[in-house]
Amino acid sequence: MSEKKPGKAGKRALAGIVMGLLGKGIRYGYKCDDRIRADLDGIGDEFTIKLMVNPVGPAMLFGKKDGVVFSHKCEIDAVADITLAFKGIDGAFKMFTGQMGLSAGYAQHRFTVKGDLYKVLSIVRIMNIVEAYLFPKMLAKTLMNPVPKRQVNMLRFYGGTLFSK
Amino acid sequence: MLPKYYEFLNSVKIMSGEKALENIPHELDMLGAKKPIILTDAILAKTGALDKLTKVFDGWKMDVSEVFTDIPPDSSIKTINHIAEIFKEKKCDAILALGGGSVIDTAKGLRIVIEQGGDDVMAYMGLESLPRKKRVPFAVVPTTSGTGSECTNVAVIANPDKNVKMEFISYDLLPDFTVIDPAMTETMPPKITANTGVDALVHAVEAYTCLQKNPMSQAYAFAAMRLIVNYLPKAVAEGSNKEYRLAMGNAATMAGIAFSNSMVGIVHAIGHALGGVAHVPHGIAMSILLPHCMRFNLETLKSAYGELLLPLAGAEAYASTPKEERAEKAIEFATDFIKQFETVGLPTTLSAARVTEDQFEAIAKTAVNDGAIIVNPFMATKEQVIEILKAAF
């Protein structure tokens with residue numbers, strides 16, 4: 001019997017969960033990893049970045065306000081300084097489940113960007129670092145070259161991501 | 001091996017050959033243009049290139065009186081927004097760009113503002129995010145053989161207030177047609193011929209090897225490399241030869257088509273930063289950086305660089321070199337090929353280009369945020385970029 005693959009709705013639900021985890025990972029990463037902190041601070045003191053999947057979501061906002069890094073779910077038409085929009089759920093699902101790296105997603109035209117492209121590289125680095133914490137090394141190696149070194153151990157990062165405010 | 005997924009588009013009609021200029025009015029007429037604005041720079045206006053262009057409109061019912069020549073060496077948002085006001089005020093209906101990368105990028109920015117509406121090009125920054133609107137006919141006559149901008153979906157536009165460059169990537173930036181006429185490049189001095197030609201070579205090398213490479217872009221890149229190694233030294237030595245100029249014009253356009261569909265890599269990422277921070281002309285930056293960046297990428301790209309030996313050094317050299325040595329040989333070939341242009345004043349080290357070591361930190365910081373680095377097969381860190389700069393010093 002063949003393994004049952006998730007349908008579009010299932011993929012959207014799972015992508016939404018991973019998106020939320022990434023957002024929390026970015027928030028925790030700002031506290032514990034100086035590369036994430038430097039890149040987020042380099043983007044600016046106040047900014048919003050939206051990740052969304054066309055045409056109906058999920059969507060998430062993250063950014064900085066009053067010096068505090070935030071992330072939360074949002075409506076698909078929420079306004080942001082920079083929007084990374086995945087063209088469809090299949091491509092987004094691959095990227096959120098560790099089957100495709102951000103560089104490969106870019107090379108395959110899986111997403112569009114509205115806003116300052118020079119800031120997107122910071123976002124790519126931040127996502128790569130967070131994924132390097134959240135995904136096992138063997139998987140991370142297939143997604144990025146090189147894999148950023150972990151500054152704190154994976155368990156601590158998971159704990160901080162899931163339980164810190 | 002085919003990529004799992006790729007996209008390729010070149011919708012630009014290419015008109016190549018002697019007296020190609022003559023066909024511009026007809027093409028614009030077919031696109032419905034009655035009053036194109038001509039964008040060029042002050043030097044081209046002074047040296048007669050602009051006259052050569054306007055002369056071909058004699059007898060045509062087309063108003064080419066609106067000419068803008070005040071385009072800075074780095075196209076800027078202020079200039080674009082200013083030209084957009086003129087375009088609307090004078091009721092122009094098409095864009096004709098005559099010049100190098102800066103003029104062409106300015107024209108691309110102008111087309112964005114006019115087609116998308118609004119009055120500030122900054123509102124349209126991004127990647128593949130411009131919806132198709134009513135088209136403004138857009139033609140390009142390149143006056144250098146290097147940028148390939150006449151066939152690319154990219155524009156880099158400076159924001160002088162923030163001292164940064166903004167990037168626009170969209171298929172909507174592709175002109176309707178481009179004219180490669182050797183009469184437009186035959187007076188280019190040897191040093192500029194050399195560094196713009198090397199720029200085209202780097203486009204081809206990076207397009208052939210970067211993460212977004214695909215069989216279509218590789219075909220264009222391969223053909224461009226063959227033309228460049230055969231004709232660039234000749235065009236540098238004998239600039240008035242129309243055959244050599246035409247070959248280089250075609251090579252630059254093909255390399256442009258290649259990288260428009262696969263992007264570039266670390267050579268361009270650092271090169272853009274060298275331009276922004278140390279004001280090194282783009283072609284010179286490419287000439288200095290290519291060998292060092294190829295060495296940096298060698299471990300990851302050994303197989304792809306090995307393939308480059310065929311278009312670069314030819315079939316005999318490729319066949320007589322053992323497979324495991326081909327990548328190194330390709331780098332050696334590229335190094336020697338560029339070095340031959342030192343005789344016409346092309347700097348091949350950063351110190352010769354008057355870059356100082358205290359600029360390395362700022363250059364590296366800018367380079368790692370350049371969009372080109374995302375498709376380099378190895379995501380370089382700031383520290384690694386500084387090592388490359390030290391090697392190139």
* **Scope segment B:79-96; condition assigned to a helix (DSSP H, G or I) and closer than 20 Å to B:Ile43 by Cβ; matching residues** => B:Thr79, B:Ile80, B:His82, B:Ile83
* Structure fact -> Reported set for segment B:21-47 where residues are among the small types (Gly, Ala, Ser) and either at pLDDT below 95 or closer than 30 Å to A:Ser103 by Cα (or both) is B:Ala42, B:Ala45
* Asked: Is it true that some residue in segment B:147-160 is surrounded by fewer than 16 Cβ atoms within 10 Å (Cβ to Cβ), farther than 18 Å from A:Leu121 by Cβ and either within 14 Å of another protein chain (Cβ to nearest Cβ) or not β-branched (Val, Ile, Thr) (or both)?
  -> yes
* Structure fact -> Given (1) more than 14 Å from chain A (Cβ to nearest Cβ); (2) among the hydrophobic types (A, V, I, L, M, F, W, C); (3) open to solvent by less than 80 Å² (accessible area, probe 1.4 Å), B:Leu9 misses just (1)
* Residue within segment B:54-70 that is within 25 Å of A:Leu117 (Cβ to Cβ) and either open to solvent by 10 Å² or more (accessible area, probe 1.4 Å) or out of contact with any strand residue (DSSP E or B) (no Cβ under 8 Å at 6 or more places or on another chain) (or both) present -> no
* **Condition broken by B:Tyr208, with the remaining ones in (1) open to solvent by 10 Å² or more (accessible area, probe 1.4 Å); (2) over 29 Å from B:Met379 (Cα atoms); (3) in contact with an Asp or Glu (Cβ under 9 Å, 6 or more places away or on another chain) satisfied** => (2)
* Asked: Can you tell me which of A:Gly67, A:Gly88, A:Gly63 is open to solvent by 10 Å² or more (accessible area, probe 1.4 Å) and in contact with an Asp or Glu (Cβ under 8 Å, 6 or more places away or on another chain)?
  -> A:Gly67
* Quickly run through segment B:167-191 and pick out the residues that are within 11 Å of chain A (Cβ to nearest Cβ) and buried (at least 22 other Cβ atoms within 10 Å of the Cβ). => B:Phe168, B:Ile169
* If B:Ala353 satisfies every condition in (1) over 21 Å from the mean Cα position of the chain (by Cα); (2) of a type in the set (Gly, Ala, Ser); (3) in a loop (DSSP other than H, G, I, E, B) but one, which is the exception? -> (1)
* **Those residues of segment B:73-89 which are without any contact (Cβ under 8 Å) to a residue 40 or more places away in the chain and touching a helix residue (DSSP H, G or I) at 6+ places or on another chain (Cβ under 8 Å), in sequence order** => B:Pro73, B:Thr79, B:Ala84, B:Lys88
* Residue list for segment B:105-126, filter: free of Cβ contacts under 8 Å to residues at least 60 places away in the same chain, closer than 18 Å to B:Ser260 by Cα and either within 14 Å of chain A (Cβ to nearest Cβ) or open to solvent by less than 10 Å² (accessible area, probe 1.4 Å) (or both) -> B:Gly109, B:Met125, B:Gly126
* To do: Check B:Leu201, B:Leu227, B:Leu232 and return the single one that is of a type outside the set (Phe, Trp, Tyr), open to solvent by 10 Å² or more (accessible area, probe 1.4 Å) and assigned by TED's automatic domain parsing to the domain that holds B:His268.
  => B:Leu227
* Asked: Considering only helices (runs of 4 or more DSSP H) fully contained in segment B:12-71, which possess at least 2 residues that are outside the structural domain of B:Gly256 (by TED's automatic domain parsing) and in contact (Cβ under 8 Å) with a residue 40 or more places away in the chain?
  -> B:24-30, B:49-55
* Any chance segment B:240-252 includes a residue that's charged (D, E, K, R), assigned by TED's automatic domain parsing to the domain that holds B:Val229 and over 21 Å from B:Leu346 (Cβ atoms)? -> yes
* Would segment B:290-308 turn up any residue that is more than 14 Å from chain A (Cβ to nearest Cβ) and among the polar types (S, T, N, Q)? -> yes
* For residues that are over 20 Å from the mean Cα position of the chain (by Cα) and more than 9 Å from chain A (Cβ to nearest Cβ), scanning just segment B:358-377, find the one that is most open to solvent (accessible area, probe 1.4 Å). => B:Asp358
* Would you mind stating whether B:Asp74 is open to solvent by 60 Å² or more (accessible area, probe 1.4 Å) and closer than 24 Å to B:Gly283 by Cβ? => yes
* Which strands (runs of 3 or more DSSP E) does segment A:32-145 wholly contain that include 1 or more residues that are more than 11 Å from chain B (Cβ to nearest Cβ), without any contact (Cβ under 8 Å) to a residue 40 or more places away in the chain and among the charged types (D, E, K, R)? -> A:47-53, A:59-65
* Find all pairs meeting these conditions: Cβ atoms under 7 angstrom apart; at least six residues apart or on different chains; first residue within segment B:353-367 and of a type in the set (D, E, K, R); second residue surrounded by 15 or more Cβ atoms within 10 Å (Cβ to Cβ). => B:Glu357/B:Phe393; B:Lys365/B:Lys382
* Would you say B:Ala139 is assigned by TED's automatic domain parsing to the domain that holds B:Met30 and open to solvent by less than 10 Å² (accessible area, probe 1.4 Å)? -> yes
* To do: Tell me which of these B:Glu27 doesn't satisfy, since it passes every other one: (1) within 24 Å of B:Gly283 (Cα to Cα); (2) in contact with a strand residue (DSSP E or B) (Cβ under 6 Å, 6 or more places away or on another chain); (3) surrounded by fewer than 24 Cβ atoms within 10 Å (Cβ to Cβ).
  => (1)
* Would you check if there is a residue in segment A:66-80 being out of contact with any helix residue (DSSP H, G or I) (no Cβ under 9 Å at 6 or more places or on another chain), within 30 Å of B:Phe8 (Cα to Cα) and charged (D, E, K, R)? => yes
* Asked: Taking only pairs six or more apart or across chains, which ones have beta-carbon atoms under 7 Å, a first residue in segment B:202-216 that is over 14 Å from B:Ile373 (Cα atoms), and a second residue that is aromatic (Phe, Trp, Tyr) and part of a loop (DSSP other than H, G, I, E, B)?
  -> B:Asn214/B:Tyr6; B:Asn214/B:Phe8; B:Met216/B:Phe8
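The values are calculated or read from the model by the stated rules, or taken from the named source; none is laboratory data. Every value quoted in this text rests on a predicted model; they were computed, and no experiment measured them. Counting neighbours? That spans all protein chains shown, and the Cβs are built from the backbone with ideal geometry, glycine included. Accessible surface areas use protein heavy atoms only, side chains included; no ligands, DNA or RNA. Shrake-Rupley method; radii C 1.70, N 1.55, O 1.52, S 1.80 Å.
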